[in-house]
1. Pull out a ≥ b ≥ c, the square roots of the eigenvalues of the alpha-carbon gyration tensor of the chain, then state rounded if a/c is under 1.5, prolate if not and a/b is larger than b/c, and oblate in the remaining case.
2. Among the lysines, which fall within straight-line cross-link reach of Lys213, defined as a Cα-Cα distance under 20 Å, with same-chain neighbours fewer than 8 residues apart omitted?
3. Taking every DSSP beta bridge that has both residues in the chain, what percent is antiparallel when rounded to the nearest 5?
4. Check Tyr204: other-chain or 5+ apart residues with amide H under 5 Å from its amide H, H built from backbone geometry?
5. Sort Thr78, Thr62 by Cβ crowding within 10 Å, fewest neighbours at the top.
6. If I model a spin label as a point 7 Å beyond the Cα along the Cα-Cβ vector, how far apart are those points for Gln245 and Arg16 in nm?
7. Working out 0.36 nm times the residue gap between Asn34 and Asp109, then minus their Cα-Cα distance, what length gain in nm do you get to one decimal?
8. Cut-off is 10 Å between beta-carbons; in what order do Val142, Val211 appear when sorted fewest neighbours first?
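Here, each number is a calculation from the coordinates, and none is a lab measurement. None of the values given here were measured: they were computed from a predicted structure. Neighbour counts run over all protein chains shown; Cβ positions are idealised from the backbone, glycine included.
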Amino acid sequence: MTRIIVTTESGADLPRDVAKKHNIFVVPMHIIMNGTDYLDGKLPVQDIYDYHERTKEIPSTTATNPHEYHDLFTKVRTKFPTSIIVHIGYTSKASSSFQNAGIAAEKFDNLFLIDALNVTGGLAAIVLHAVQLLEQEPEIDVERFIHAIQAIIPKSRLAFVPGRLDFLKAGGRVSNVAYLGGRLLKIKPRIELINGKLVSTKKYRGKMSDVSKKLMEDYLKDYEINREPLYLLYSIGLDESIKQQMEDIAKANGFKTIKWMEAGAMISTHAGPGGFGIAGLEV
């Protein structure tokens with residue numbers, strides 16, 4: 001039987017044990033800090049925040065390069081010589097990683113690329129939906145598999161509020177954030193993926209506990225999310241009481257499976273400490 005293998009980037013923020021359990025191959029993205037290139041997954045997130053506190057500077061990030069994708073795909077083929085590789089990639093609208101994957105893919109047969117048009121938990125929700133489908137139907141035809149994944153991409157909904165605006169501003173990924181006004185008025189933007197781009201869609205005012213609650217309420221009102229599972233996202237620094245409150249709200253709204261995901265170094269470089277987010281798939 002020809003086996004379909006799923007690959008993705010570290011920007012999906014998949015926990016290592018989850019990736020290992022479902023045999024998902026993950027290639028790292030990059031963080032540039034103080035002139036040194038670090039692989040996402042190898043650099044502790046706290047080091048980024050400590051660096052910012054010392055220098056008032058924020059690291060930059062770079063895409064996975066074609067050589068790294070070539071190594072990833074070669075690794076899969078070496079382990080599974082007859083496999084079909086389906087790469088579900090980080091949005092092409094915010095990184096050149098997907099383009100670089102395409103360059104590497106030209107040297108391989110039976111390799112397909114899907115632009116997830118999403119990041120972090122939104123990308124993870126698509127990837128985990130894909131492997132769940134493979135586990136349910138191990139002999140699924142690759143064309144039907146790809147069609148199923150492409151159909152779910154518009155249904156993956158990610159929304160988050162950053163803990164701090166300085167990281168978001170420095171990252172330059174969200175063009176319509178009013179940084180100074182938000183900083184002065186204690187306003188936090190709601191960031192969503194719209195057609196693969198990070199866009200500020202709403203503004204909240206108040207403490208992070210109130211903002212997180214409002215985000216959760218609005219998200220569940222705006223989208224009819226499949227009740228199993230729901231992904232709750234956080235970056236280091238989010239208060240444990242807020243995490244418990246968000247989980248309680250999710251359970252009260254009928255979610256049977258709630259999975260917490262910690263933002264890795266690459267995502268945290270843009271979102272900053274103390275952020276909270278939600279991801280799920282619409283029915």
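1. Numbers: a/c = 2.01, a/b = 1.34, b/c = 1.50.
Oblate, since a/c reaches 1.5 and b/c is not below a/b.
2. Cross-link targets: Lys186, Lys188, Lys202, Lys203, Lys221, Lys243, Lys251, Lys256, Lys259.
3. On the way: 28 of 45 bridges.
Bridges in the chain that DSSP calls antiparallel: roughly 60 percent.
4. It is Lys188, Arg190, by chain and number.
5. Working: Thr78 8, Thr62 15.
Ranking Thr78, Thr62 by Cβ neighbours within 10 Å, fewest first, gives Thr78, Thr62.
6. A separation of 3.3 nm, rounded to one decimal place.
7. Numbers: separation 75, 0.36 × 75 = 27.00 nm, distance 3.94 nm.
Length difference between fully extended and current span is 23.1 nm.
8. Working: Val142 14, Val211 22.
The fewest-first ordering by Cβ neighbours comes to Val142, Val211.
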